[in-house]
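Here is the structure we will look at, set down as structure tokens.
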Amino acid sequence: MLFSILKKEQLKKEINKLEESKTILSKEINAMEKKKNLLETQMSGILKQKNNLDIEIKNRENFFIKHELILVDTLSGIEFEEYFAKILIKLGYNAQVTKASGDDGGDIIATKENIKYVFQCKNYSDTVGNKAIQEVYTAKDIYKCDKSIVITNNYFTKQAKKEAEILSVELWDRDKLLQMLCETFEIDIKNIDKKMYMNNKNIIDDNDEIDPFLNEAIETVIETGQASTSFIQRRFKVGYARAGRIMEQLEEKGIISGYEGSKPRQVLITKERWNKSNNI
């Protein structure tokens, strides 16, 4: 009987110790939970700061690229050649601008990894046509180059693309220029807001789709006798390259004359003829 009582007392003490240990452990768990909650709050704050910094970096990169493209669009032909040569040099090319006159269709001669390139540079407010393709193709043999390339701040006409494919001339348009700027200034192109970029680029895909403003543009140029990319931009409040595509479609339909450098486009159809063709 005495043994049984002692056994119960011992067991009771052990249970009390276990209860004390349980209480201590519970306090430690509560303390750890508080620390965990505090760490989660701090981590949330850090992630929020990181996201804010990422957004700030992205905004700054977009601002920089947007204004760099605006700067490029204001350059003269020779300034664009010099600007693009510097971009090539920063990207590891050995590049040199040829003389301003009598360059035989080659504006820049560059080499990289034992490949020699000849570039024709076209800083246009309009799309680039066949002439540049033919000139740089000829320059390839004159300068004994391996590859011939036309670089522009704009885009190329469908005819230019077809001829370039036949003659194996590479075409570097505004998309390629953007890519090169991002590489030069170590900017992730994925951070560039496409909507901002598309303000300068045509929103319509490069296919046979007719621009919704085309008929209205035809009537406008016939009525006013004016036909230029900047005029289309102002009149219809569209982006730079979309206006260029409208000009291309006007040319394809025989409404305006082809691109001839600084010469203004000519409206080739009268209002009466246009109305007659549309049974108005």
Exercise. In this structure, does Asp54 turn out to be under 15 Å from the mean Cα position of the chain (by Cα) and either closer than 27 Å to Lys122 by Cβ or modelled with pLDDT under 85 (or both)?
Worked result: no
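Take the conditions on the phi < 0 side of the Ramachandran plot, without any contact (Cβ under 8 Å) to a residue 40 or more places away in the chain and in a helix (DSSP H, G or I) and apply them to Lys58. Does it pass? Walk me through it before giving the result.
Numbers: on the phi < 0 side of the Ramachandran plot: yes; without any contact (Cβ under 8 Å) to a residue 40 or more places away in the chain: no; in a helix (DSSP H, G or I): yes.
Answer is no for this residue.
For residues in the stretch 138-162 being in a helix (DSSP H, G or I) and among the hydrophobic types (A, V, I, L, M, F, W, C), which is surrounded by the most Cβ atoms within 10 Å (Cβ to Cβ)? If you could, list the steps in order and put the result at the bottom.
Step one: list which residues in the stretch 138-162 are in a helix (DSSP H, G or I), which gives 138-142, 158-162.
Add one more test, that the residue is among the hydrophobic types (A, V, I, L, M, F, W, C), and what stays is 139, 142, 160.
On the way: Ala139: 21, Ile142: 12, Ala160: 23.
Across the stretch 138-162, the extreme among qualifying residues is Ala160.
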Exercise. Which of the residues belonging to the stretch 244-257 are modelled with pLDDT of 85 or more and closer than 23 Å to Val72 by Cα?
Worked result: Ile246, Met247
For this session: Determine which single condition Thr127 fails, assuming it passes every other condition in (1) assigned by TED's automatic domain parsing to the domain that holds Glu165; (2) β-branched (Val, Ile, Thr); (3) in contact with a Leu (Cβ under 7 Å, 6 or more places away or on another chain).
Result: (3)
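For Pro264, state whether it is of a type outside the set (Lys, Arg), under 26 Å from Ser76 (Cα atoms) and at pLDDT below 85. Reasoning before the result, please.
Details: of a type outside the set (Lys, Arg): yes; under 26 Å from Ser76 (Cα atoms): yes; at pLDDT below 85: yes.
In short, yes.
Between Ile204, Ile192, Ile166, Ile210, which is hydrophobic (A, V, I, L, M, F, W, C), modelled with pLDDT under 90 and exposed (fewer than 15 other Cβ atoms within 10 Å of the Cβ)? Walk me through how you get there before you give the answer.
Values: Ile204 fails: exposed (fewer than 15 other Cβ atoms within 10 Å of the Cβ); Ile192 fails: exposed (fewer than 15 other Cβ atoms within 10 Å of the Cβ); Ile166 fails: modelled with pLDDT under 90.
Going through Ile204, Ile192, Ile166, Ile210 in turn, the sole match is Ile210.
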Seminar exercise, completed: If we ask which residues in the stretch 253-276 are of a type in the set (Asp, Glu) and in contact (Cβ under 8 Å) with a residue 40 or more places away in the chain, their number turns out to be 0
For this session: Looking only at the stretch 120-137, count how many residues are touching a helix residue (DSSP H, G or I) at 6+ places or on another chain (Cβ under 8 Å) and part of a helix (DSSP H, G or I).
Result: 5
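The values are calculated or read from the model by the stated rules, or taken from the named source; none is laboratory data. Owing to the predicted nature of the structure, the values given are computational and were not obtained by experimental measurement. Positions of Cβ are backbone-derived with ideal geometry, glycine not excepted, and every protein chain shown enters the neighbour counts.
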